[in-house]
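Engineer: One structure follows; several queries about it will come next.
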Amino acid sequence: MFVQLICKDRNEKEMNELYEVLAALCHREGIQIEDKGSHVEILACPQGKIVVTEEDGNMILSANTRHAGAGFHAFVVDLFKDIQEEVPLGEYELIDDLEYANDEDFHRLHHVYENELDYVKNLILTDSDFRKKNYLYDETYFLPIEDENKVMTSTGFMDRKEFMNKEIEDLMDDFYVWNDWDRDARFYRNAALTLLAKEGRGIYSKMNEETEKTANEIADYLEIAHEKDPDLKLPVKEYTELVDLLDRENKLKDALPMDREAIQYRTREVYHLFEDARVVAPGTAERSYDPSQQSVNLMAPYTNEGEWSWLIQASKQPAILPDAKDLMEEKPEIFKGKTIWMDTYEEDGIHNINAVIRQDEEYLYIHAITNNSKDVPYLQECIRLSGFAH
């Protein structure tokens with residue numbers, strides 16, 4: 001489920017012409033195009049991204065369409081063909097592993113995604129290792145912590161029995177955003193539910209510029225969905241909480257509420273992914289990476305009126321713990337097959353936790369600090385639950 005367009009042997013002027021055409025096409029379609037410095041990203045929906053790179057005089061446009069759905073796959077193929085029509089001079093190579101570019105049979109394409117979901121459903125029900133992997137999103141820095149009685153979907157938890165008995169056609173909106181040809185009301189609702197599950201941060205929605213932008217996108221999607229189909233059931237409760245936080249006008253006062261709650265995975269503890277390590281912390285934690293320490297830093301979430309109270313730093317390098325060797329000479333605890341050395345102390349009013357986790361032959365080093373002693377037991381428990389993906 002992959003589409004790629006290679007625009008071959010382009011000089012600088014020709015490259016610029018292609019970028020101008022791309023920008024115009026994105027404006028026509030009402031989708032975002034962003035320059036990331038090393039590459040350009042075209043954001044068609046929360047699970048659908050086209051990445052544009054340059055290599056050896058070629059412009060390469062690539063899209064993984066596995067998570068977004070048949071509608072996104074068809075959209076990408078059509079967009080790539082539009083580029084070739086707008087800039088007919090020059091050599092192109094269009095690669096489509098589902099061959100939609102050849103027959104443009106959307107019914108057949110949709111059936112491919114139904115078969116894929118049927119395969120995934122069987123794995124979720126029968127393979128415990130698969131359930132612990134990222135089968136939800138095209139890319140993510142976190143995974144929800146699994147619940148034995150529930151199934152994780154890209155729009156939130158679903159009761160295992162309900163999941164088992166649901167027909168594939170009825171599960172499509174819980175796994176794919178773009179299931180029809182058009183971006184209809186269901187598309188915008190699915191986009192909002194997916195963003196809520198993946199990036200919803202509840203009361204911390206205005207924590208920083210990025211979280212506030214996402215919150216506004218969710219509200220925008222739901223308002224468009226309601227405008228397109230006033231009878232479509234929507235997550236009215238979550239929308240109302242968001243617009244109140246954002247000081248936006250409530251445009252869904254007459255909307256029908258959904259029968260189930262819209263889950264926001266980040267409003268609870270999750271696995272924050274770092275190489276092959278998994279660090280447990282609230283999903284709302286603010287994340288950064290320190291290249292000098294080769295560590296991931298997770299900072300306590302905060303509202304726009306507050307400030308962070310704790311920090312977890314994790315690395316596979318022992319340098320973040322100057323006393324790692326001394327710490328490992330102490331008696332460790334055994335927790336769920338892991339060997340854990342942990343030391344807690346107070347210095348200048350700051351509570352510090354140093355820990356080393358050994359799982360099989362791998363080591364994870366964690367340093368946590370907090371200005372509140374009440375946070376210490378919680379941070380210790382997060383550390384104990386952390387480890388490696390295997």
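Engineer: With the checklist (1) under 30 Å from Leu379 (Cα atoms); (2) surrounded by 16 or more Cβ atoms within 10 Å (Cβ to Cβ); (3) basic (Lys, Arg) in hand, flag the one item Arg268 doesn't pass.
Structural biologist: (2)
Engineer: Can you go through Ile31, Ile6, Ile42 and tell me which one is surrounded by 14 or more Cβ atoms within 10 Å (Cβ to Cβ), farther than 18 Å from Glu139 by Cα, in contact with a Leu (Cβ under 9 Å, 6 or more places away or on another chain) and at pLDDT 95 or above?
Structural biologist: Values: Ile31 fails: at pLDDT 95 or above; Ile42 fails: farther than 18 Å from Glu139 by Cα.
None of the others qualify; the one that does is Ile6.
Quick grid of which residues meet (1) hydrophobic (A, V, I, L, M, F, W, C); (2) in contact (Cβ under 8 Å) with a residue 12 or more places away in the chain:
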| residue | (1), (2) |
| --- | --- |
| Lys251 | no, yes |
| Asp259 | no, yes |
| Ile263 | yes, yes |
| Val270 | yes, yes |
| Glu275 | no, yes |
| Ala281 | yes, yes |
| Tyr289 | no, no |
| Leu298 | yes, yes |
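Engineer: Still on this structure: Please count how many residues of region 197-210 are surrounded by 20 or more Cβ atoms within 10 Å (Cβ to Cβ) and either of a type in the set (A, V, I, L, M, F, W, C) or in a helix (DSSP H, G or I) (or both).
Structural biologist: So in region 197-210, the residues surrounded by 20 or more Cβ atoms within 10 Å (Cβ to Cβ) come out as 197-201, 204-205, 207.
With the extra rule that they be either of a type in the set (A, V, I, L, M, F, W, C) or in a helix (DSSP H, G or I) (or both), the set shrinks to 197-199, 204, 207.
Result for region 197-210: 5.
Engineer: Could you tell me whether region 12-19 includes any residue that is part of a loop (DSSP other than H, G, I, E, B) and modelled with pLDDT under 95? Break it down into steps so the answer makes sense when it comes.
Structural biologist: Initial filter on region 12-19 (part of a loop (DSSP other than H, G, I, E, B)): none.
Taking every residue of region 12-19 in turn, none turns out to be part of a loop (DSSP other than H, G, I, E, B) and modelled with pLDDT under 95.
Engineer: All but one of (1) under 26 Å from Ser128 (Cα atoms); (2) crowded, with 18+ Cβ neighbours inside 10 Å; (3) hydrophobic (A, V, I, L, M, F, W, C) hold for Trp178, so report the exception by its number.
Structural biologist: (1)
Engineer: Let me ask another. Would you confirm whether any residue within region 123-137 is more than 23 Å from the chain's Cα centre (by Cα) and either within 26 Å of Val51 (Cβ to Cβ) or not in a loop (DSSP other than H, G, I, E, B) (or both)?
Structural biologist: Here is the first cut: in region 123-137, the ones more than 23 Å from the chain's Cα centre (by Cα) are 126.
Of the ones still in play, those that are also either within 26 Å of Val51 (Cβ to Cβ) or not in a loop (DSSP other than H, G, I, E, B) (or both) are 126.
Within region 123-137, one or more residues are more than 23 Å from the chain's Cα centre (by Cα) and either within 26 Å of Val51 (Cβ to Cβ) or not in a loop (DSSP other than H, G, I, E, B) (or both).
Engineer: Between a first residue in region 182-197 that is in contact (Cβ under 8 Å) with a residue 24 or more places away in the chain and a second residue that is assigned to a helix (DSSP H, G or I) and surrounded by fewer than 21 Cβ atoms within 10 Å (Cβ to Cβ), which pairs have beta carbons less than 6 Å apart while being 6 or more apart in sequence or on different chains?
Structural biologist: Once the first residue is in contact (Cβ under 8 Å) with a residue 24 or more places away in the chain and sits in region 182-197, its partners that are assigned to a helix (DSSP H, G or I) and surrounded by fewer than 21 Cβ atoms within 10 Å (Cβ to Cβ) give Ala185/Lys228; Tyr188/Ile224; Asn190/Asp173.
Engineer: Moving on. Pick out, from region 310-390, the strands (runs of 3 or more DSSP E) lying fully within it that include 2 or more residues that are under 21 Å from Gly283 (Cβ atoms). Lay out the reasoning, then the answer.
Structural biologist: Numbers: elements: 310-315, 333-335, 338-347, 350-359, 362-370.
Per the criteria, 310-315, 350-359, 362-370.
The values are calculated or read from the model by the stated rules, or taken from the named source; none is laboratory data. Only a predicted model underlies this, so the values are computations on that prediction, with no experimental measurement involved. No Cβ is skipped: glycine too gets one built from the backbone with ideal geometry, and neighbour counts run over all protein chains shown.
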